[in-house]
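Here is the structure we will look at, set down as structure tokens.
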Amino acid sequence: MTEPLSCTQYSSLIVVLGDQLSMNISALRAGDRDRDTILMAEVMEEARYVRHHKKKIAFVLSAMRHFAAELKSDGWTVRYVQLDEPDNTQSLISEIARAKHDLRIKRAIVTEPGEYRLVQEFAQCEGLETVADDRFLASHHDFQTWAAGRKQLRMEYFYREMRRKTGLLMSDGEPEGGRWNFDADNRKPAKTDFFLPRPLEVEPDEITRDVLELIEARFPDRFGKLEPFWFAVTRKGALAALDHFVEHALPKFGDYQDAILKGAPFLYHSVLAQYLNVGLLSPLEICQRVERTYYDGHAPLNAVEGYIRQIIGWREFVRGIYWLRMPGYTRSNYLSAHRSLPSFFWTADTDMACMAAAIVQTRDEAYAHHIQRLMVTGNFALLAGIDPVDVHEWYLAVYSDAYEWVEAPNVIGMSQFADGGLLASKPYAASGNYINKMSDHCVSCRYDVKQKTGDGACPFNPLYWDFLARNANLLRGNPRLGHAYRTWDRMTQEKQQEYLNSAKRILERL
Ligand code: FAD
Ligand code: DLZ
Ligand code: SF4
């Protein structure tokens with residue numbers, strides 16, 4: 001005889017992951033707060049699939065604990081499994097199974113995870129339904145439709161669609177100010193006498209202090225400095241960080257978004273990606289808040305347009321590319337780069353001042369701004385021919401905002417050109433001259449940025465030409481590299497050989 005169905009057998013388990021901390025997330029909308037139970041689980045498997053920075057793990061766990069408390073005070077029943085609980089099975093799949101068994105629930109619902117590996121794992125899980133993650137402006141279907149039949153996928157055109165769709169900075173169907181993109185006004189190098197705002201810093205409360213203790217005890221050998229820990233861990237805190245950015249940094253965001261300045265890890269950047277990527281803020285609310293400052297006369301159009309483009313343009317575009325090309329995208333290696341990641345990416349033990357600064361700041365803050373990621377550490381890895389898988393794993397581990405859907409296209413596509421130009425129209429390769437123009441690091445570097453070859457030369461100089469020569473068969477035809485290859489071709493053979501010999505010595509020392 002079968003047992004009569006108890007009331008709980010009709011209820012559902014609503015699974016909320018560590019980067020799904022939004023009160024209106026689709027899985028919660030599909031649930032019933034009077035009948036269903038929410039599951040949130042801290043598990044080693046999520047902390048282990050790459051060796052995340054201590055601050056990143058602390059941020060996610062503390063934000064999860066705060067979110068669970070908010071759900072409870074909102075009337076939900078929450079089963080929250082802490083990392084150190086003795087019965088914790090330490091994987092999401094097995095925690096879902098354990099909760100279903102304990103609560104005698106047959107059906108579980110989760111919003112689609114942001115990483116392909118979990119989508120695959122969840123697909124094997126009986127009785128687990130996935131609902132779309134609609135916290136983005138473009139659904140998978142929207143992006144596929146946009147991409148279908150296009151020879152080239154370029155962010156700029158996708159971005160225009162998103163402007164039209166959202167109405168952001170649109171006036172009578174035309175872009176505000178008569179242009180879609182004001183980047184030409186946005187390439188100023190920073191100056192040392194700037195007054196520089198810092199992002200909003202939040203004092204850790206008791207919940208966060210408990211998490212910090214846990215992380216120090218359980219992950220003592222992980223990369224990264226845990227304290228001072230100042231990230232916001234609630235929606236309220238994240239909204240305050242948004243207000244702070246808009247008031248103090250946004251007006252100069254555009255002018256200096258490509259600059260690098262010693263001792264200024266944040267410059268005029270927003271430092272909001274970690275909040276946005278776990279769902280404490282939504283892309284549209286950020287953009288609407290930022291847009292308002294333009295119409296209120298508080299920030300210029302080049303700053304506001306530039307900022308909105310990063311979110312409704314780049315962020316949505318890279319997500320589209322990720323889901324379009326997974327699985328397989330993270331193993332792309334168009335340039336056949338196979339060198340291992342040098343250990344100084346973890347220790348910062350290098351005489352290259354720009355690299356050391358970016359890595360130290362990454363260790364201390366779990367943050368580096370876009371140009372450091374792209375034109376310093378990323379550029380070095382590209383020029384040195386580091387295996388894109390190594391580079392991808394490093395970036396996924398070290399930044400508090402890193403999740404594969406956004407990190408991988410930026411690393412594999414934009415920074416390492418490992419997808420052969422699907423995402424970027426040319427490799428972001430540059431010699432020391434670019435870093436010198438945009439930063440103040442070179443003046444105090446052991447290397448001479450003006451010296452082209454030899455022991456004291458800035459390593460980016462010979463590596464740049466070595467990169468172009470090494471990959472000529474794949475890159476020479478790229479129209480955006482025409483000028484560089486013409487310069488290379490005009491050099492004497494002796495000069496070319498000097499570059500190649502210098503680069504060889506640097507690469508051997510790695
Ligand atoms: P801001 O400079 O203030 O920019 C505003 C917002 O725009 C960001 O918060 C972010 O949400 C969005 N944004 C800007 N550029 C991009 C971009 N290229 N792709 C997606 N969103 C963008 N971003 C991540 O969120 N996670 C990552 O793991 C990540 N890895 C990166 C790796 C490399 C090699 C590169 C070149 C870029 C990477 N980015 C990543 C994009 C960008 O560098 C970060 O979003 C940004 O530095 C986060 O700091 P911020 O919040 O101060 O951004
Ligand atoms: C990043 C992270 C970490 C460190 N820990 C957890 C965790 O214990 N539990 C959880 O639900 N999520 C965690 N996350 C976020 C997940 O890794 C993230 O949801 C997936 O990578 C999908 O994007
Ligand atoms: Fe970096 Fe070269 Fe400048 Fe040194 S000289 S800071 S290595 S670009």
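Annotations for the structure displayed:
- Failed criterion for ASP34 (all others in (1) open to solvent by 30 Å² or more (accessible area, probe 1.4 Å); (2) not in a loop (DSSP other than H, G, I, E, B) hold): (2)
- Any pair with Cβ under 7 angstrom, 6 or more apart, that starts in segment 438-466 at a residue that is closer than 13 Å to ARG505 by Cβ and ends at one that is within 16 Å of ligand 1 (Cβ to nearest atom) and outside any loop (DSSP other than H, G, I, E, B): LEU463/LEU383; LEU463/ALA384
- Conditions (1) open to solvent by less than 10 Å² (accessible area, probe 1.4 Å); (2) in contact (Cβ under 8 Å) with a residue 60 or more places away in the chain; (3) touching a Phe, Trp or Tyr at 6+ places or on another chain (Cβ under 6 Å); (4) not acidic (Asp, Glu); number of the one not met by VAL411: (2)
- Residue within segment 146-158 that is away from ligand 1 (no atom under 16 Å from the Cβ) and within 30 Å of GLY224 (Cα to Cα) present: no
- Selection from segment 57-105 of residues that are in a loop (DSSP other than H, G, I, E, B) and surrounded by 15 or more Cβ atoms within 10 Å (Cβ to Cβ): TRP76, GLN82, LEU83, ASN88, THR89, GLN90, SER91, ILE105
- Close pairs (7 angstrom Cβ cut-off, 6 or more residues apart or separate chains): open to solvent by less than 20 Å² (accessible area, probe 1.4 Å) in segment 269-285, within 6 Å of ligand 1 (Cβ to nearest atom) anywhere: GLN274/ASP401; ASN277/ASP401; ASN277/VAL406; LEU281/LEU272; PRO283/LEU276; PRO283/ILE311; PRO283/ARG315
- Residue list for segment 148-162, restricted to those being over 20 Å from the mean Cα position of the chain (by Cα) and not aliphatic (A, V, I, L, M): GLY149, ARG150, LYS151, GLN152, TYR157, ARG160, GLU161
- The set of residues from segment 454-480 being on the phi < 0 side of the Ramachandran plot and surrounded by fewer than 19 Cβ atoms within 10 Å (Cβ to Cβ) comprises ASP455, GLY456, ALA469, ARG470, ALA472, ASN473, LEU474, ARG476, GLY477, ASN478, PRO479, ARG480.
- Residue list for segment 264-287, filter: away from ligand 1 (no atom under 12 Å from the Cβ) and in a helix (DSSP H, G or I): LEU284, GLU285
- Scanning segment 427-449 for residues that are of a type in the set (Phe, Trp, Tyr) and either under 15 Å from ILE371 (Cβ atoms) or out of contact with any strand residue (DSSP E or B) (no Cβ under 8 Å at 6 or more places or on another chain) (or both) yields TYR428, TYR434.
- Which listed residue, of ALA397, ALA429, ALA408, is within 9 Å of ligand 1 (Cβ to nearest atom) and of a type outside the set (Phe, Trp, Tyr): ALA408
- When residues in segment 483-510 are screened for being surrounded by 12 or more Cβ atoms within 10 Å (Cβ to Cβ) and over 29 Å from the mean Cα position of the chain (by Cα), 16 of them pass.
- Scanning segment 100-120 for residues that are away from ligand 2 (no atom under 16 Å from the Cβ) and of a type in the set (Val, Ile, Thr) turns up just one, ILE105.
- VAL60, sole failed condition from (1) of a type outside the set (Gly, Ala, Ser); (2) under 24 Å from LEU28 (Cα atoms); (3) more than 10 Å from ligand 2 (Cβ to nearest atom): (3)
Residues are listed down the side, and each one gets a yes or a no for (1) within 18 Å of CYS458 (Cα to Cα); (2) within 11 Å of ligand 1 (Cβ to nearest atom):
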| position | (1), (2) |
| --- | --- |
| ASN302 | no, no |
| ARG309 | no, yes |
| GLU316 | no, yes |
| LEU341 | no, no |
| ALA366 | no, yes |
| ILE371 | no, yes |
| ALA381 | yes, yes |
| GLY385 | yes, no |
| VAL389 | no, no |
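- Filtering SER26, SER12, SER22 for residues that are surrounded by 14 or more Cβ atoms within 10 Å (Cβ to Cβ) and within 16 Å of ligand 1 (Cβ to nearest atom) leaves a single hit, SER22.
- So THR192, is it surrounded by fewer than 16 Cβ atoms within 10 Å (Cβ to Cβ), over 30 Å from GLU42 (Cα atoms) and at pLDDT 95 or above: no
The values are calculated or read from the model by the stated rules, or taken from the named source; none is laboratory data. Everything quoted here is computed from the prediction, not taken from an experiment. Note that each Cβ is placed from the backbone with ideal geometry, even for glycine, and that neighbours are counted across all protein chains shown. What goes into the accessible areas is simple: the full protein's heavy atoms, side chains included, and nothing from ligands, DNA or RNA. Shrake-Rupley method; radii C 1.70, N 1.55, O 1.52, S 1.80 Å.
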